[in-house]
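Visitor: Handing you this structure, nothing more for now.
The values are calculated or read from the model by the stated rules, or taken from the named source; none is laboratory data. Remember, predicted model here, so these are calculated numbers, not experimental data. Reconstructed Cβ throughout: ideal geometry from the backbone, glycine too, with neighbour counts over all protein chains shown.
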Amino acid sequence: MSSDAELTIFEHLDELRSCMLKAALALVVGTAASVVFAKRMIEILIAPLAQAPQTIKPTEGIGVYFRVALIGGVALAMPVIVYQVIRFMMPGLLPEEKKYLYFVLPGVTVCFVGGVAFARLIMLPAAIGFMQSFLQDTIENRWTLDNYISFVTRGLFWMGVVFQTPLLMFLLAKLNLVTAEKLRRSRKYAVLAIAVVAAIVTPTPDPVNMMIVMAPLYILYEVGIQLARIAAIGRPSEEEEADTAS
C-alpha cells in the first residue's frame, strides 16, 4: 500500500470500500457459522433467569435467534474487523510494526471472549439476581425474550470491547505513542475513567455490581502497563533519551 501522503481522495475512498467489504464478508461468514449454535447460545444466556422469558410477538423468537447469531459472528470476525480498521487508519506502518499486529489480532478474539465470559459468568448473574429480587413482593418479573436478550447482549458486547484495553495499550506502546512510565503516572486518572466506564457498562445502579465491574477493569489496566513495558524492550528509556538529547 502507498503511504498516506501519496493517496488521492478517490484512492482513500477505494481503500475504505475494500476494507469495509472484507470486514463485512468476515462478519457474514462468522454469523453464518454462529447460526448453527444460536439455540445453545440462547439457552446459556437465559440460564440465570428463575423462569424462562416469554415472547409476545409472533416473530420475536426468530428475531432474537438471528440477533444472537450476529453477536457470535461479531466475536468470530473481530480479528478481521480490527485488522481492516487499523489497515485503513494506519497505512504507513513499517514492516516491523505490522509484525506486531499479527501478535495482537488473535489476542483480540481471546480478550473479547474473555470479556463475554466474565459478563456471562460473574457480572450478569449478580445483576439479574439483584433485579429479580427488587420489589419481588410487589411486582411479578416476567421479562420478554426480546427485551432480556437485548439487555444481556449489550452487556456482553461492551464487556468484550473493554477487555481489549491491555492489547490497545500494548499496541500504542509498540508504536511509541505511550510508555509504561506514563501509564503508571496516569493511574489516578485511569481509576476515574474506569469508574465512569463501570457506571456505564454495569447493568444496575448499585455500588456492589459496579465494583464487580471495576475490579477486573483495573486489573486489565495493570496488565496493560506490563505489556507496555514488554513492548519497550530494546528501546531507550525516557531518561536515556533525555541524556542523549542533552
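Visitor: Pick out the one residue from Leu145, Leu167, Leu135 that is within 30 Å of Arg229 (Cβ to Cβ) and not acidic (Asp, Glu).
Guide: Checking each option against the conditions leaves just Leu167.
Visitor: Now a separate question. Within the stretch 214-235, how many residues turn out to be in a helix (DSSP H, G or I) and touching a helix residue (DSSP H, G or I) at 6+ places or on another chain (Cβ under 8 Å)?
Guide: Result for the stretch 214-235: 15.
Visitor: Could we say that Pro236 is of a type outside the set (S, T, N, Q), modelled with pLDDT under 90, exposed (fewer than 13 other Cβ atoms within 10 Å of the Cβ) and touching a Ser or Thr at 6+ places or on another chain (Cβ under 8 Å) here?
Guide: So Pro236 fits the description; yes.
Visitor: Under 30 Å from Gly73 (Cβ atoms) and either modelled with pLDDT under 85 or out of contact with any helix residue (DSSP H, G or I) (no Cβ under 9 Å at 6 or more places or on another chain) (or both): which single residue out of Leu167, Leu175 fits that description? Talk me through it step by step, then tell me what you get.
Guide: Values: Leu167 fails: either modelled with pLDDT under 85 or out of contact with any helix residue (DSSP H, G or I) (no Cβ under 9 Å at 6 or more places or on another chain) (or both).
When all the criteria are applied, what remains is Leu175.
Visitor: Would a scan of the stretch 134-147 turn up a residue that is hydroxyl-bearing (Ser, Thr, Tyr), over 28 Å from Ala77 (Cα atoms) and either at pLDDT 90 or above or over 16 Å from the mean Cα position of the chain (by Cα) (or both)?
Guide: yes
Visitor: Testing Gln51 on (1) over 19 Å from Leu124 (Cβ atoms); (2) part of a loop (DSSP other than H, G, I, E, B), one condition comes back false. Which one is that?
Guide: (1)
Visitor: Okay, moving on. Just checking, which of Lys182, Lys188 is closer than 30 Å to Tyr102 by Cβ and more than 22 Å from the chain's Cα centre (by Cα)?
Guide: When all the criteria are applied, what remains is Lys182.
Visitor: Could you tell me whether the stretch 95-104 includes any residue that is out of contact with any Lys or Arg (no Cβ under 9 Å at 6 or more places or on another chain), modelled with pLDDT of 85 or more and not acidic (Asp, Glu)?
Guide: no
Visitor: Based on this model, can you work out whether Val80 counts as surrounded by 17 or more Cβ atoms within 10 Å (Cβ to Cβ), modelled with pLDDT of 90 or more and of a type outside the set (Phe, Trp, Tyr)?
Guide: Working: surrounded by 17 or more Cβ atoms within 10 Å (Cβ to Cβ): yes; modelled with pLDDT of 90 or more: no; of a type outside the set (Phe, Trp, Tyr): yes.
Criteria not met by Val80.
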